[in-house]
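See structure below.
Rule-based calculations on the coordinates, nothing more; no lab input. Since the model is a prediction, treat every value here as computed from it, not as a measurement. All Cβ positions, even for glycine, are placed from backbone atoms using ideal geometry, and neighbour counts span all protein chains on display.
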Amino acid sequence: LNPLAERLLQGDRRALARAITAVENGGPERAEILRAVHGHGGQAHVVGITGAPGAGKSTLVAGLAGRMRDAGARVGVIAVDPSSPFSGGALLGDRIRMGTGEGLFIRSLASRGHLGGLSRATGDVVRLLDAAGFDVILLETVGAGQGEVEIMRLAHTTVVVSVPGLGDDVQAFKAGILEIGDIFVVNKADLPGANQTARDLMAMLALGAPRPQGAWRPPVIQTAAVKGDGLDQLRQAIADHGRFLRESGRWAERAAADARRRFEEAVAEAALRRVQAQAEASGAWQQALAAVETGRVDPFTAAERLLEATVREATPR
Ligand SMILES: Nc1nc2c(ncn2[C@@H]2O[C@H](COP(=O)(O)OP(=O)(O)OP(=O)(O)O)[C@@H](O)[C@H]2O)c(=O)[nH]1
Ligand SMILES: [Mg+2]
């Protein structure tokens with residue numbers, strides 16, 4: 001068993017932080033740690049908070065985390081910034097706002113390469129926080145691009161934050177954000193125009209495809225995160241959605257789909273490792289690479305040939 005994983009499961013914070021770093025770095029230790037925490041967790045409610053830059057996501061997360069902790073929940077916060085190659089300084093302020101202590105863990109993740117890598121790393125960190133016994137995991141990510149939608153797939157509940165005077169946001173709403181939102185928040189409701197924006201949102205939601213009987217109907221909630229207004233209502237809506245998912249069987253479906261995705265990814269990685277090792281030993285890998293690099297053979301044909309040869313070689317006659 002992995003010692004880091006074992007300590008993490010016992011609630012050791014420093015072990016959790018180090019396990020996250022190890023998992024982020026990838027490699028054999030990632031698989032070892034994720035394997036060791038298997039069977040632990042599955043209870044954490046993963047809540048994604050997304051929306052335009054400056055909409056007040058961090059302020060909302062801080063306020064929500066505070067209230068959830070007051071109610072006795074252990075809260076993990078992951079701030080994902082796909083646009084930044086390093087963790088922004090803004091998070092420092094967020095940390096101060098959220099306070100410290102036993103029931104709170106904050107981590108920021110930034111893009112180190114491709115977005116797929118970031119959403120995978122985020123998924124891993126969610127797994128670790130879940131295994132470590134956090135009740136709620138708040139996942140903050142900016143914007144509504146493809147990468148963010150991918151990251152939001154990790155969430156049980158997606159909260160879409162907008163502000164009065166939709167303006168440019170309307171474009172973002174067209175780009176699929178309406179479909180991924182389970183709860184819509186109009187933050188900065190202390191500013192003029194919040195009622196109108198809430199009405200616009202409700203109208204847009206009503207225009208979408210008709211929702212079948214028993215489906216979740218996304219509420220539109222007005223908040224003023226700086227003053228704490230509407231946060232109890234938001235916390236309640238999040239809890240309601242969690243209950244809806246459990247009672248409708250979606251929670252379990254999601255867990256199965258997640259396991260399937262992880263399995264397929266593990267197969268792909270293990271297969272690549274094995275084929276490469278075997279083909280390197282025979283020289284076939286180097287040959288195929290040379291053919292692909294010079295453009296003599298297309299990658300698909302080269303891959304097919306290599307696999308054929310490797311499987312033939314590995315099959316006893
Ligand atoms: N008037 C008003 N301002 C708010 C409210 N909530 C947040 N703000 C302010 O909006 C600004 C941005 O808040 P953040 O919480 O950092 O927003 P964010 O969405 O996390 O921003 P990024 O992470 O940079 O995209 C700050 O100056 C907040 O004080 C609110 O309810 N009303
Ligand atoms: Mg923020």
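Which peptide among 216-223, 47-54, 283-290 comes first, and what is the full order, when sorted by highest mean count of other Cβ atoms within 10 Å? Don't skip to the answer; put the middle values down first.
Working: 216-223: 18.6, 47-54: 21.6, 283-290: 14.2.
Result, highest mean first: 47-54, 216-223, 283-290.
With each pseudo-label sitting 7 Å past Cα toward Cβ, what's the residue 294-residue 252 distance in nm, one decimal?
The modelled label-to-label distance comes out at 5.8 nm.
So if we plug the beta-carbon distance of residue 40 and residue 227 into 1/(1 + (r/R0)^6) with R0 = 51 Å, what FRET efficiency do we get, rounded to 0.05? Spell out each step's value before the answer.
Values: r = 38 Å, r/R0 = 0.75.
Efficiency computed from Cβ-Cβ geometry: 0.85.
Can you give the helix-only mean residue ellipticity at 222 nm for the chain, where every DSSP H stretch with n ≥ 4 adds -39500 (n - 2.57) and the sum goes over all residues, rounded to the nearest 500 deg cm²/dmol?
-17000 deg cm²/dmol
Taking the Cα centroid of segment 19-65 and of segment 247-273, what is the distance between the two, rounded to the nearest whole Å?
Using only Cα atoms, the two centres lie 17 Å from each other.
Mind pulling up the Rg/Rh value for the chain? Radius of gyration and Kirkwood radius, both on Cα. Could you put the intermediate results ahead of the total?
Numbers: Rg = 22.5 Å, Rh = 21.6 Å.
Result: Rg/Rh = 1.04.
Multiply the residue separation of residue 12 and residue 269 by 0.36 nm, subtract the distance between their alpha-carbon atoms, and state the gained length in nm to one decimal. List each step's numbers first, then the result.
Numbers: separation 257, 0.36 × 257 = 92.52 nm, distance 3.02 nm.
Full extension from residue 12 to residue 269 adds 89.5 nm.
So, with +1 on the Cβ of K and R and -1 on the Cβ of D and E, and no other charges, what is the size of the charge dipole of the chain about its Cα centre, to the nearest 20 debye?
Numbers: 37 positive and 36 negative charges, 89 e Å.
Dipole magnitude for the chain comes out near 420 debye.
What list do you get for 134, 105, 263, 244 if you sort them by fewest beta carbons within 10 Å? Walk me through the numbers on the way to the answer.
Working: 134 25, 105 21, 263 10, 244 18.
The order, fewest Cβ neighbours first, is 263, 244, 105, 134.
Please figure out what share of the DSSP beta bridges in the chain is antiparallel and state it in percent, rounded to the nearest 5.
Numbers: 1 of 33 bridges.
Antiparallel: roughly 5 percent of the beta bridges in the chain.
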